[in-house]
1. What nm distance separates the two modelled labels at residue 168 and residue 58, each placed 7 Å from Cα along Cα→Cβ?
2. Keeping every protein chain in place, order 191, 201 by accessible area at 1.4 Å, biggest value first, i.e. largest first.
3. Taking the simple approach of a point 7 Å from Cα along Cα-to-Cβ for both residue 248 and residue 458, what is their distance in nm?
4. Using R₀ = 35 Å, calculate the FRET efficiency as 1/(1 + (r/R₀)^6) where r is the Cβ-Cβ separation of residue 356 and residue 134; round to 0.05.
5. Sorting check: for 82-90, 35-43, which peptide has the highest mean count of neighbouring beta carbons within 10 Å, and how do the rest follow?
6. Full extension from residue 327 to residue 19: what is 0.36 nm times the residue separation minus their Cα-Cα distance, to one decimal in nm?
7. Based on the Cβ-Cβ distance of residue 41 and residue 120, what FRET efficiency does E = 1/(1 + (r/R0)^6) give at R0 = 35 Å, to the nearest 0.05?
8. Can you pull the percent of the range 185-255's accessible area that's carbon plus sulfur, 1.4 Å probe, other chains left in place?
Amino acid sequence: MAFLILDKGKDVGKKFKVDAEAILGSDPRVGVPIADSRLAARHARIFRKQNAYFILDLTGTNSVAVNGRVIAGERKLANGDKLRIGLTWFSWSDVPAGPKEKSGVGLDITSEYEIEEELAREAAGDLYKAREIALDRRVALRILPPGLVLENPGVEKRFREEVQSITRLGHENIAKLLDFGVKQSYIYFTTEFIEGTSLETLIGTEGALAVDRALLIARDIARGLDHAHRRNVIHQDLEPRNIVISGDRVVITDFGPTKVIADITSDGMTSLGLVGRLEYCSPESCKGGKVDHRSDIYSLGVIAYQMLTAKLPFQGDSPTDLIEAQISGIPTPIAKWRADVPSEVERIVLKALAKDPKDRFQTCAEFIRAVESGIRDLELIKHAESEHEDTLWAIKWLYKINMAIGALEDTIRNSTLIRIGDIDRDRNFKFVRLLNNFWFRWPVAFGLIGIFLALVFVLAQLLFVILPEWTRPESWMRGLGQLR
């Protein structure tokens, strides 16, 4: 039994059953109708031959691709393949003989686990909620596509090496790896199952998050990444779907298969990158170049932008457009979407989104310090708003001046060849704390009032000198005296 599963659009997740043959096209009467007027009525054909499924482009227009590669002639399909028909993306699910269906819910490939629910079908494998029978505990079970093992003999060894590095991770913000194995040409591994809501769902239901909440989530994500990066482990697939919010705990999931899949893909870019996470790919990853831990920091910047605006910084009508946007596009300023995000917070996000890795935060620890400084500033400003309404206007103006000075400092620093190293940026925290001091805020308030009155006096004197004589007040008084 085989299925085509729609990956994007309003009907995402919709399944089309494929028996011996299926036609894909814009004609609503075909087996897999696609709502795209640019497609031919009969655009592509999937058929079964010699116990395998193949896909054929019926138009010859180079608009059918498998795993990011345009096909020419017939192309054999494997479980987990990503198909693009025009601008529509599908996942191919082909369950071979061997693993058996269990209660119509999932695959029971080992007697050690009882599969309870299918959570996702992705290029990196199918994800299930399962019960580990021996220990009677819930786990997240990832089953990789069998094609990876059958077509790449050395992939099992590579996964074992990757798993060994992941087992060194032990952090509250990272889902713990529990088990790994190979059965019936399937590679599988399990992690702790986190009961909670994915960040993707949270943003989808609530929209843009409160600034302080977004910063706290970003900080916890960075803490988990920092722990992994210090042990030379890169996620490379960071996106809101892989972040779970469980109470006050923020957990990164899916440390695992992405790096190996990327390495065994000959064109240097995985189908996972082209389909599942291109919106979160760093520019260097989109170029197919070498990536390091700073690629994760870029993905974190995209997530932070999305939490604050409920929008992605870069979008495109096609994968090619999206790649181009990631490489050379400029994100829309956050201030355009909402006015309550401090400029300092926006600068943190934009620095994480820098195109050149050298211009980003160089470590997650540096990102964490900047975010924590922003959190402290927000807390103190809220305190000032509630406790010192009488001088709040002065505090806000001085804070804006301080932010402008900080932005100027960063501009000067980034424009020089000399790079100032890892600086603990708590200047804003100390400044706002000083504003909240009783013996400081009143002199500041009266000082600003004095400056304002002085400016008014100077302006009045200038007007007195510049204006014609008939417009001056003493001319009016003389005129009134003559009328009397």
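The values are calculated or read from the model by the stated rules, or taken from the named source; none is laboratory data. All figures in this text were calculated on a predicted structure; none of them were measured in a lab. We place every Cβ from the backbone using ideal geometry, glycine too, and count neighbours over all the protein chains shown. With ligands, DNA and RNA removed, areas are computed over all heavy atoms of the protein, side chains included. Shrake-Rupley method; radii C 1.70, N 1.55, O 1.52, S 1.80 Å.
1. Here the answer is 5.4 nm between the modelled labels.
2. Heavy-atom accessible area, descending, gives 201, 191.
3. About 5.1 nm, to one decimal.
4. 0.10
5. Ranked from most to least packed, the peptides come out as 82-90, 35-43.
6. So the chain would gain 106.8 nm between residue 327 and residue 19.
7. 0.60
8. 41
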